[in-house]
Amino acid sequence: VTFMCDVVPEKDLAVWVVTEDVEDVTPPPPPPKIYGVEWDWTSSGPTKGVRTDSAVSFGDPNPAVSNGSGSSPFDDKMPWAGMVVEDDAKAGKLVKIPKFWYKWTQNGNSLKLQIADGPQDGFHVSPAHMDRGDGKSERDFVYIGRYHCASGYKSQAGSRPLGNMTRSQARTNIHNLGADYWQSDIQMRITIWMLYLVEFADWNSQKTIGYGCSPSNSMFNMGMTDAMQYHTGTTAASRTTYGCTQYRYIESLWDNAYDWMDGCYYNGSGLNIINTPNKFHDASNGVAVGIPADGWPSAFTVSNKSGLEWVIYPTAVGARPDTYSADRWSFYTGYPCLCVGGCYSQDQTDGLFRVNYYAASGQDTYVGCRLQKLP
């Protein structure tokens, strides 16, 4: 309590004013919400896991078919709710991804993934948003191309994906758009994997969202999902019919053309990771995290290297295409560049988690690229 004296001259009076200091009672922010999923592959290899934490009672999402409507229990939860399409003057249509925090837990044959909407002990900032060592610290938002790159290396509909470029050429031409624009990298890919895995709790994206690849077994013009009433689904009449798919507005993550995946390369030391975009290279500047197994994964290892805790890679194979991760990971000595997804060839094992190899000098019509923006 504060006492103050004020004099009124014409009355020759002293007036005492009593005021009370009010303590700031602003309530603390609510604790972060955590959503999780866990797979127990002790005796079998189901692609579908069990939901945990705040997601334990959630049902499965219902993606659109025939460009229709859909729903997901994550539609009003961050960071998924913050994924929206934005127009970029230099790069075309991009999908905005808000920052989140993650935790991988590996315990024998059990693998658990958790996503938090705020900082949490034991959690790390997502690989796409983390400090990349480029002087910009953590990013609150990052952006991924809605489409594969088209002419001018922009993300735009109306034409077939740009192809016939090496990974290095795509890297240079995308960065020519401006200082914040880079070729999509493994950090972005695994960030999207995390979001999808917690939302769908299933490694088989072609089963949960749609076969994708191509409705005609040939390359097609981008923008087929523009008419979709929901952010996730397939243009086909059913999930088991080949069409064009999208996840959270990102079109063709496993359709039409493979995307070069930057920020990594493969050699005799195994999988090498480069976190800083201006150091991306096809054969150097990386940190080896381990030697991945070639084939259909039946076990994964989570990196324990500082700053690379987000990296997962297969360490055992021999599964059937409809078990464990469902999509093949391919590596070959002398072919350091990696690409991801699927192309127009109708193949149920080329889903969201498909990883393939290519020569540094390799190029083809069905290997394209996708841009990202790291402001």
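Quick notes on this structure:
- Condition check for Met165: under 13 Å from Asp262 (Cα atoms) and either at pLDDT below 95 or not β-branched (Val, Ile, Thr) (or both): no
- Qualifying residue in the range 145-153 (condition: in contact with a strand residue (DSSP E or B) (Cβ under 8 Å, 6 or more places away or on another chain), modelled with pLDDT of 95 or more, part of a strand (DSSP E or B) and surrounded by fewer than 23 Cβ atoms within 10 Å (Cβ to Cβ)): no
- Candidates Ala237, Ala201 - the one that is aliphatic (A, V, I, L, M), modelled with pLDDT of 95 or more and out of contact with any Lys or Arg (no Cβ under 9 Å at 6 or more places or on another chain): Ala237
- All positions within the range 281-312 that are in contact (Cβ under 8 Å) with a residue 40 or more places away in the chain, open to solvent by 40 Å² or more (accessible area, probe 1.4 Å) and among the charged types (D, E, K, R): Glu309
- Within the range 61-70, the set of residues being within 28 Å of Ser110 (Cα to Cα) and either free of Cβ contacts under 8 Å to residues at least 12 places away in the same chain or surrounded by fewer than 15 Cβ atoms within 10 Å (Cβ to Cβ) (or both) comprises just one member, Asn62.
- Hits in the range 35-50 (condition: open to solvent by 90 Å² or more (accessible area, probe 1.4 Å), touching a residue at least 40 places away in the same chain (Cβ under 8 Å) and not in a strand (DSSP E or B)): Thr42
- When the range 313-335 is limited to residues that are of a type outside the set (Phe, Trp, Tyr) and buried (at least 22 other Cβ atoms within 10 Å of the Cβ), the one that is farthest from Cys244 (Cα to Cα) turns out to be Pro314.
- All positions within the range 71-99 that are open to solvent by 20 Å² or more (accessible area, probe 1.4 Å), of a type in the set (S, T, N, Q) and in a loop (DSSP other than H, G, I, E, B): none
- Matching residues in the range 100-144 - criterion: being open to solvent by less than 40 Å² (accessible area, probe 1.4 Å), among the small types (Gly, Ala, Ser) and at pLDDT 95 or above: Ala116, Gly118, Ser126, Ala128
- Odd one out for Gly59 among (1) under 29 Å from His148 (Cβ atoms); (2) modelled with pLDDT of 95 or more: (1)
The values are calculated or read from the model by the stated rules, or taken from the named source; none is laboratory data. None of the values given here were measured: they were computed from a predicted structure. Cβ sites come from the backbone with ideal geometry, for glycine too, and all protein chains shown count toward neighbours. Just the protein is used for accessible areas: all its heavy atoms, side chains included, with ligands, DNA and RNA removed. Shrake-Rupley method; radii C 1.70, N 1.55, O 1.52, S 1.80 Å.
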